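Let me begin by presenting the structure, written as structure tokens, before commenting on it.
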């Protein structure tokens, strides 16, 4: 349900109340029941029926279920940051992840949280992605933003801008590219994905005039993949890369820091994008926006991103199951990219200009 003072409960009510969705999935909502009841009355939603259950095994097909994770709420404060809202978000998240790891639920969709109210000594994580990385002991988790054919990953995510350069290493960038590569192959059925890597400094540092990160860190990371015959190119100067439309020629994009990737992504995706956590065994998605305290409880929240997050999680879960089933029944192990091994790999110039047989 996310932060109870934000638009999370409103989004949950809106998308779960769409009956066509329940033809595909059996939804289970985690969060305080009191908050759900208050939002339902505030939004004047007459038809929203749900069953209160104690564990996922009690959920009924085509019915909405609620696992009440608390805390007890005597007075709701909507539209402001509160410790109660943060505690509710953390409790719901921890309970859902426990069930996810036990295989009692198939995938997870998280509503927005406020990092200022969730962080504590018991929950020292700046966001969902970092918490999931810790829960699954997965150091190479990648926050990936997805919209249509655009898939944006970030090497560093929730850290101050002045720390980005010191955090970048060749090994870290290689790990993030590999995580994106695997996800594009398995989750998106792209056997030989084309991945673009962005530079850090203005104009790609202009041959070292504005910094050495491109030459010393990013370029070596990109060249690491040349021996694998993988299509990984860069570093590209970000302004020209997006301004010229080159981004549309790649299956995935790796940005060096949060806003470098998310600003162009959100400009292009609007309220239709989805946040996907690549690099963990489970499927987790979320809307591509925050708690929106300013419109909470007013019935103005746009459901599009939350709805897309739910359907996208369903699609990825089903695709993974299908791929696992195919591999389990295969007569021999087959590398997913064998069928296109003879495909001519376009040069960086061909991809940049849109020319060549495979550009």
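The values are calculated or read from the model by the stated rules, or taken from the named source; none is laboratory data. Computed from a predicted model, the values in this text were never measured in an experiment. Please note: Cβ atoms are built from the backbone with ideal geometry, for glycine as well, and neighbour counts cover all protein chains shown.
In table form, for the structure just shown:
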read-out	value
Filter result (touching a residue at least 40 places away in the same chain (Cβ under 8 Å), closer than 21 Å to residue 306 by Cα and buried (at least 16 other Cβ atoms within 10 Å of the Cβ)) within segment 39-78	39, 42, 43, 64, 78
Only listed residue being assigned by TED's automatic domain parsing to the domain that holds residue 218, touching a strand residue (DSSP E or B) at 6+ places or on another chain (Cβ under 7 Å), within 30 Å of residue 10 (Cβ to Cβ) and in contact (Cβ under 8 Å) with a residue 24 or more places away in the chain, chosen from 180, 152	152
Scan of segment 193-213 for residues that are modelled with pLDDT under 95, more than 15 Å from residue 166 (Cα to Cα) and surrounded by fewer than 23 Cβ atoms within 10 Å (Cβ to Cβ), ordered by number	202, 203, 205, 206, 207, 208, 209, 210
Given (1) touching a helix residue (DSSP H, G or I) at 6+ places or on another chain (Cβ under 6 Å); (2) without any contact (Cβ under 8 Å) to a residue 60 or more places away in the chain; (3) surrounded by fewer than 19 Cβ atoms within 10 Å (Cβ to Cβ), index of the condition residue 81 fails	(2)
Of all residues making up segment 120-147, the number that are assigned to a loop (DSSP other than H, G, I, E, B), touching a residue at least 24 places away in the same chain (Cβ under 8 Å) and farther than 17 Å from residue 89 by Cα	5
Lone unmet requirement of (1) part of a helix (DSSP H, G or I); (2) within 21 Å of residue 315 (Cβ to Cβ) for residue 218	(2)
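One line per residue, one yes/no per condition, for (1) within 15 Å of residue 28 (Cβ to Cβ); (2) touching a helix residue (DSSP H, G or I) at 6+ places or on another chain (Cβ under 8 Å); (3) assigned to a loop (DSSP other than H, G, I, E, B); (4) outside the structural domain of residue 16 (by TED's automatic domain parsing):
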{"position": "67", "(1), (2), (3), (4)": "yes, yes, no, no"}
{"position": "73", "(1), (2), (3), (4)": "no, yes, yes, no"}
{"position": "77", "(1), (2), (3), (4)": "no, yes, yes, no"}
{"position": "86", "(1), (2), (3), (4)": "no, yes, no, no"}
{"position": "89", "(1), (2), (3), (4)": "no, yes, no, no"}
{"position": "92", "(1), (2), (3), (4)": "yes, no, no, no"}
{"position": "98", "(1), (2), (3), (4)": "yes, no, no, no"}
{"position": "108", "(1), (2), (3), (4)": "yes, yes, no, no"}
